[in-house]
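Take a look at the structure set out below.
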Amino acid sequence: MPRIRVLIADDHAVLRAGLRVLIDAQGDMEVVAEAADGSEAVARARDVPADVVLLDLAMPGPPGATTIERLVRLEQSPRVLVLTMHDDPAYLGTALQAGASGYVVKKAADVELLTAIRTVHRGGTFVNLTRPGETGRGRAITGPKRTSSHEGTNRPLSPREAEVLQLLAQGHTNQEVANLLMVSVKTIETHRQRLKDKLGLKSRADLFRFAVECGLLASDEQESRQA
């Protein structure tokens with residue numbers, strides 16, 4: 001079975017070296033390239049096909065979200081897994097809206113990082129984030145790869161899908177979301193089904209919980225929705 005090809009993009013050489021040792025020790029994955037900034041990451045991904053790009057958000061060059069957008073638009077677009085020091089829902093929401101398939105904080109255990117790589121490679125979404133009031137290891141949210149006839153299933157959330165998710169989580173009906181975005185109800189129903197397929201969510205409550213985890217709802221919205 002082919003190994004998962006990983007590109008490591010981080011401006012700290014020591015960290016890249018440690019990640020290479022960890023990843024190359026796995027029987028089902030290998031590091032195929034490294035980069036020290038966002039622009040180099042895009043260039044390397046263009047020259048050396050990778051299945052997963054392990055990307056730090058805070059590197060020299062373009063903003064992390066811009067780098068993610070450029071990576072997922074490549075002809076042979078890799079899955080982007082953010083590895084960052086920012087244990088913050090706001091950064092998570094920005095990364096997912098830009099097209100990232102996963103988000104792991106650097107303090108996470110090695111086993112979580114390896115699980116995240118495998119999850120996003122097979123088409124899932126993996127999120128590791130410490131919830132408010134919790135300490136220690138963050139909770140991971142995974143969306144397993146599913147078989148579906150919908151085009152776009154198993155891809156990262158698009159900006160429009162993130163927007164629909166946010167509005168649905170705020171309590172709007174399909175018709176209200178359609179009116180706000182000036183599209184048909186059928187279009188919203190399609191986006192809603194894609195969200196469920198991609199993230200493994202079954203109900204509006206699941207959509208709400210995921211939106212909270214992604215930082216797509218402000219604290220006052222969370223309180224009013226839960227009241």
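Peptides 165-176, 90-101 ranked from most to least packed give 90-101, 165-176, packing being the mean of other C-beta atoms within 10 angstrom over each peptide's residues.
Summed over the residues of the stretch 53-107 and divided among them, the accessible surface reaches 40 Å² per residue at a probe radius of 1.4 Å.
In sequence order, the stretch 67-77 has phi-based couplings of 4, 4, 4, 5, 5, 6, 8, 4, 4, 9, 5 Hz under the Karplus curve 6.51 cos²θ - 1.76 cosθ + 1.60, θ = phi - 60°, and Gly or Pro positions carry x. Couplings 3J(HN,Hα) of the stretch 105-121, computed from phi: 7, 5, 7, 5, 5, 4, 5, 5, 4, 5, 5, 4, 4, 5, 5, 5, 5 Hz, in residue order, whole Hz [Karplus 6.51 cos²θ - 1.76 cosθ + 1.60, θ = phi - 60°; x for Gly and Pro]. Only protein heavy atoms count here; on that basis, with a 1.4 Å probe, VAL14 has an accessible area of about 130 Å². Taken one residue at a time, the phi angles of the stretch 41-51 give Karplus couplings (6.51, -1.76, 1.60, θ = phi - 60°) of 4, 5, 5, 5, 5, 6, 8, 10, x, 10, 7 Hz. Gly and Pro are set to x.
Solvent exposure of SER77, expressed as accessible area, is near 60 Å², computed with a probe of 1.4 Å over the protein chains only.
The values are calculated or read from the model by the stated rules, or taken from the named source; none is laboratory data. Because the structure is predicted, anything quoted here is derived from the model rather than measured. FYI the Cβ positions are ideal-geometry reconstructions off the backbone, even for glycines, and counts take in every protein chain you see. Quick note on the areas: whole protein, heavy atoms, side chains included, nothing else; ligands and nucleic acids left out. Shrake-Rupley method; radii C 1.70, N 1.55, O 1.52, S 1.80 Å.
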